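Contents: one structure, followed by commentary.
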Amino acid sequence: MGSFSAAFPIPSQPVLSPALLLAGSRRAPLPFPFNAPGVQYTYLARNAIYWLAQHWKLRDEEVLFPDFFNGAELEALLAAGVKIQFYPVHKGMRVHVQDIADRIKPQTRAVFLIHYSGFPGPVQEVEALCRERGLLLIEDCALALLSCLGDRPLGSFGDAAVFCLHKPLPVPNGGALVLREGLNGAMLPGREPSSASVAGHVVRHLITHFELRGKTLPLRTARAVRRLGKAFTGAAGVKRVAVGTSAFDAANADIGIGRLSLRLLETLDYVEIVRRRRRNFLYLHQHLAGIVQPVFSELPPGVCPLTYPIQVENRATVADRLLRQGVEAVPLWSRHHPLLPEGSSPEVDELRRTVLKLPCHQDLTTKELDRVVDCVKSSLTMHLPVVN
């Protein structure tokens with residue numbers, strides 16, 4: 001955590017620094033899900049979804065699934081042979097429990113609920129519905145690590161919960177799976193990720209770190225290491241396993257979390273991460289809510305926001321203008337899946353067309369947040385930003 005150089009973009013996610021690489025283990029208790037009995041780790045959260053579907057024998061079983069999604073989580077279920085029945089997601093990424101109840105059939109086996117950008121869906125009501133109807137509940141907490149509803153962490157309501165680690169935390173890879181009844185001795189496949197793949201992600205983090213802080217000599221060194229690494233992996237025929245995509249590759253589903261990521265998880269100050277993310281979200285909301293349309297109008301207690309999502313027309317143009325000014329803002333889930341082509345849901349079409357994620361992660365200080373605010377204002381000068 002530190003100050004960024006104005007010469008390079010503010011990244012959308014936290015960055016791994018040399019200080020973290022050299023840090024020793026902390027003695028503070030780990031939070032949920034890391035302290036959950038039987039928690040197991042994968043290379044990516046989608047791998048955990050695939051394994052869970054196999055563990056629960058969901059092949060040819062029906063799962064109710066939201067119609068606003070990334071794609072990787074759906075592809076993992078489809079690869080496991082799951083039959084999908086969609087339920088609607090409404091404006092503001094809201095889910096209505098009645099929409100789920102109306103779609104339950106005798107062949108329905110489970111409900112898949114996504115907590116968007118760290119904000120809880122109606123999980124208490126969906127949990128009660130699943131108990132009443134004898135269904136399994138899967139909480140997708142890929143975007144909601146460290147968030148709570150009341151005094152309970154998201155992921156503790158369902159029969160299973162899946163988490164992504166590399167988006168909210170400065171680790172090169174990682175997903176986590178928690179089951180309510182435990183894994184009963186079963187173990188997720190845990191093939192070690194290639195050292196070249198992990199090293200590639202680490203060097204990318206370090207290059208971003210040095211760029212942002214204007215450290216010329218370490219930056220040149222890190223870039224030289226990356227060039228050597230690419231030459232080595234190319235000559236050796238080593239294929240890097242990507243993170244941050246919307247694809248699912250069943251051939252890599254058995255890859256586990258890297259040892260470096262596990263070690264880094266022991267060093268992080270999670271209380272401070274939550275505090276800073278909430279502070280940064282509220283700061284952006286205070287300075288931007290009257291200028292752009294935020295997806296979420298307030299920050300409930302316990303929520304650890306992944307980003308500050310806004311809705312803008314001409315989203316690609318705005319994102320490009322922000323990047324040119326030094327802010328990495330990411331369009332959210334713009335691609336339509338073949339099972340739900342454009343036009344299937346006007347409300348989801350609008351979300352896929354307009355939602356832009358502004359960074360509010362724990363690395364940002366007030367100085368960087370002011371830069372984000374100024375760049376957003378400048379980028380919106382030429383057109384109307386508010387979505388009606």
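In whole Å, what is the distance between the alpha-carbon centres of segment 58-115 and segment 297-333?
26 Å
Tell me the trypsin sites (Lys or Arg not before Pro) within segment 327-356 that lie in a loop according to DSSP and have at most 14 other beta-carbon atoms within 10 Å. Don't jump to the answer; show the numbers that get you there.
On the way: sites: Arg335, Arg352, Arg353; in loops: Arg335.
Listed in order of number, the matching sites are Arg335.
Can you list residues from other chains, or at least 5 along the same chain, whose modelled amide H is less than 5 Å from the amide H of Leu136?
Ala110, Val111
Dividing the alpha-carbon radius of gyration of segment 337-382 by 2.2 N^0.38 Å (N being the number of residues), what value is obtained?
For segment 337-382, the normalised Cα radius of gyration comes out at 1.68.
Sort 300-307, 40-47 by packing, meaning the average of other beta carbons within 10 Å per residue, with the highest value first.
On the way: 300-307: 21.1, 40-47: 26.5.
Per-residue mean Cβ counts within 10 Å order the peptides as 40-47, 300-307.
Can you work out ³J(HN,Hα) from phi for every residue in segment 73-81, in order, using Karplus 6.51 cos²θ - 1.76 cosθ + 1.60 and θ = phi - 60°, giving whole Hz and x for Gly and Pro?
Each residue of segment 73-81 in turn: 5, 5, 4, 5, 5, 5, 5, 8, x Hz.
Let me understand segment 257-388 better: what is its radius of gyration from the alpha carbons, and its Dmax, in angstrom?
Just the Cα atoms of segment 257-388 yield Rg and Dmax of 16.4, 48 Å.
So who's got an amide H within less than 5 Å of the one on Cys148, skipping anything under 5 residues away but keeping other chains? H placed 1.01 Å off N, in plane.
It is Leu154, Val303, Cys304, by chain and number.
What residues qualify as long-range amide H neighbours of Gln40, i.e. H under 5 Å apart, gap of 5 or more or another chain, H built at 1.01 Å from N?
Sorted by chain and number, the residues that satisfy this are Leu177.
How large is ³J(HN,Hα) for each residue in segment 258-264, as worked out from phi by the Karplus curve 6.51 cos²θ - 1.76 cosθ + 1.60 (θ = phi - 60°), to whole Hz, x for Gly and Pro?
Computed from phi, the couplings for segment 258-264 are x, 5, 5, 4, 4, 5, 5 Hz.
What is the diffusion coefficient of segment 1-146 in µm²/s, taking the Kirkwood radius over Cα pairs and the Stokes-Einstein relation at 37 °C with a viscosity of 0.692 mPa s?
For these conditions, the coefficient is 187 µm²/s.
Say each of Arg133 and Gln286 gets a label point 7 Å from the Cα, pointing the same way as Cα to Cβ; how far apart are those two points in nm?
So the label points at Arg133 and Gln286 sit 4.3 nm apart.
No value in this document is a laboratory result; all are computed from the given coordinates. These numbers were taken from a predicted model, which means no experiment stands behind them. Virtual Cβ from ideal backbone geometry, glycine too; neighbours counted across all protein chains shown.
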